[in-house]
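Chemist: Input: one structure, supplied below.
Nothing in this text is a laboratory measurement; each read-out follows from the coordinates by a stated rule. The structure displayed is predicted, hence computed values, not measured ones. Cβ: placed from backbone, ideal geometry, glycine included. Neighbour counts: every protein chain shown.
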Amino acid sequence: MTESKSMILGCAGKTLTPDEIRFYGDERPWGFILFARNVGEPEEIRDLVASMRDSVGQPNAPVFIDQEGGRVQRLRPPIAPNYPAGGAIGELYKKDREAGLRAAWLLSRLHAFDLRRFGITADCLPVLDVPIEGASDVIGNRAYGKDPQTVATLGKAAADGLLAGGVLPVMKHIPGHGRAFSDTHFELPTVDATLEQLRAHDFAPFKALNDLPAAMTAHVVYAAVDPNHPATTSEKVVREIVRGEIGFDGLLISDDTSMKALSGDFPSKAASILAAGCDLVLHCNGVMEEMAGIASRTTPLQGKSLERAEHALTCIEQCDAADEAAVRAEFATYFEAAV
């Protein structure tokens, strides 16, 4: 069997073009990601996901999506309900801890129902970033709260809900995006906090959940660790912080390489990400020329990276026997408008 390459790619529209099918077949990405532009009618989504897998000859190739709730939610009505953001779960948790924890689990279990019916098997959730006052709103109410313990506790419940429904959780953005004062979609932020501050605040939720199977990096410079490179391309941050202090040994995926925070051309971005120690390069926008650049410097998935990728997929081989109608009814007791 031909090896998959260490990359996750998007596509341009609601169906694959002949060029995309040919390109994926030649370059063999390990997985794919969907965005709102790819979401059509229910049958179109199913067909798109199936054709992605067919293009690489892998019936279990993972298909990712950002389905958090709130403003980051790719499946919308009538495909899926509008769900509350993480911050709303956090507010409920403040008032009633048991209710907040249960709602976090239920929401993720509903995401799993919504995604699996289309063959989507990975959700870029939970958000484990802990925002500080004055930080960019790029995280904002996507976060469960402003203290590490709340974020870790609700993040674990969210991850458990996805896993129960056979969907891979991808915690983000390791080792923490909450201090960024600019939006990484447009520019590269530098965090000047001391290592002690980062340990106590930013790193803490990731350390608490370091046994989760997958994580996405932050395009953020941590001056106390490596003032010259964002975490995504910093061998020092990946080795000393992500793998070392945080103790995460799961599948490490870069944040989107088409975001403006990363400098350089696409071949050099891909090479830098893999050299830093990330397992997979993510490219989301479906622009063929950019994907070709990524593919030109992306190597086969092998060794420890392949082990991590295979372990991530084994985590979602089984699904609980939850009743969807019952889960929706219970969630409605907390957030009536969201079912």
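Chemist: Can you tell me the alpha carbon radius of gyration of the chain divided by the globular rule-of-thumb value 2.2 N^0.38 Å?
Modeler: Working it through for the chain, the quotient is 0.93.
Chemist: Starting from the exponent 0.38 and prefactor 2.2 Å, build the expected Rg for the range 217-339 from its residue count and divide its actual Cα Rg by it. Intermediate results must be reported in sequence, preceding the final value.
Modeler: Values: Rg = 18.6 Å, N = 123, 2.2 N^0.38 = 13.7 Å.
Relative to the rule-of-thumb radius for its length, the range 217-339 sits at 1.36.
Chemist: Let me ask something else. Sorted by average packing, counted as other Cβ atoms within 10 angstrom per residue and highest first, what order do 258-270, 195-207 take?
Modeler: 195-207, 258-270
Chemist: Please report, in Å, the Rg and the Dmax of the range 285-327, where both are computed over Cα atoms only.
Modeler: 17.6, 48
Chemist: What list of ³J(HN,Hα) couplings, whole Hz, do you get for the range 295-304 from phi and the Karplus terms 6.51, -1.76, 1.60, once you set θ to phi - 60° and write x for glycine and proline?
Modeler: Listing the rounded values in order: 4, 5, 10, 9, 9, x, 6, 8, x, 4 Hz.
Chemist: Also: Work out from phi, with θ = phi - 60° and the Karplus expression 6.51 cos²θ - 1.76 cosθ + 1.60, the ³J(HN,Hα) of each residue of the range 197-212, listed in order in whole Hz, and give x for Gly and Pro.
Modeler: 5, 5, 4, 6, 10, 6, 6, 4, x, 5, 5, 5, 10, 5, 8, 5
Chemist: Now, a different point. Nearest 5 percent is fine: what portion of the DSSP beta bridges confined to the range 155-262 is antiparallel?
Modeler: 10
Chemist: Here's a follow-up. All other residues with a Cβ under 12 Å from the Cβ of Ala157 taken together, and with Lys, Arg as +1 and Asp, Glu as -1, what is their net charge?
Modeler: Numbers: positive: Arg97, Arg102, Arg109, Lys156; negative: Glu98, Asp160.
Local net charge: +2.
Chemist: Report the semi-axes of the equivalent ellipsoid for the range 112-267 in whole Å, largest first, where each axis is √(5λ) for an eigenvalue λ of the Cα gyration tensor.
Modeler: Calculated on Cα positions only, the semi-axes equal 24, 18, 15 Å.
Chemist: Separate question: What share of the DSSP beta bridges in the chain is antiparallel, in percent to the nearest 5?
Modeler: Percent antiparallel among DSSP bridges in the chain is about 15.
Chemist: Please express the shape of the range 204-285 as an equivalent ellipsoid: the semi-axes are the square roots of 5 times the eigenvalues of the C-alpha gyration tensor, given largest first in whole angstrom.
Modeler: In descending order, the three semi-axes are 20, 14, 10 Å.
Chemist: May I pose another question? Within a Cβ distance under 10 Å of Ser272, other residues only, what is the Lys/Arg minus Asp/Glu net charge?
Modeler: Summing Lys/Arg as +1 and Asp/Glu as -1 gives +1.
Chemist: Could you give the radius of gyration (one decimal) and Dmax (whole number) of the Cα atoms in the range 60-129, in Å?
Modeler: My reading of the Cα-based Rg and Dmax gives 12.5, 41 Å.
Chemist: Another one. Tell me the GluC sites (Glu not before Pro) within the range 304-339 that lie in a loop according to DSSP and have at most 11 other beta-carbon atoms within 10 Å.
Modeler: Glu317
Chemist: How much net charge surrounds Asn38 when only other residues with a Cβ under 10 Å from its Cβ are counted (Lys, Arg +1; Asp, Glu -1)?
Modeler: Overall, the nearby charge balance is +2.
Chemist: Please express the shape of the range 10-156 as an equivalent ellipsoid: the semi-axes are the square roots of 5 times the eigenvalues of the C-alpha gyration tensor, given largest first in whole angstrom.
Modeler: Numbers: eigenvalues 213, 47, 34 Å².
Each semi-axis is √(5λ); the values are 33, 15, 13 Å.
Chemist: Further question: Taking only pairs that are 8 or more places apart or on different chains, how many Lys pairs in the range 5-338 have Cα atoms under 13 angstrom apart?
Modeler: 5
Chemist: Can I ask one more? Just want the ordering: Tyr93, Tyr222, from fewest to most Cβ atoms lying within 10 Å of their own Cβ.
Modeler: Working: Tyr93 22, Tyr222 26.
With the fewest neighbours first, Tyr93, Tyr222 line up as Tyr93, Tyr222.
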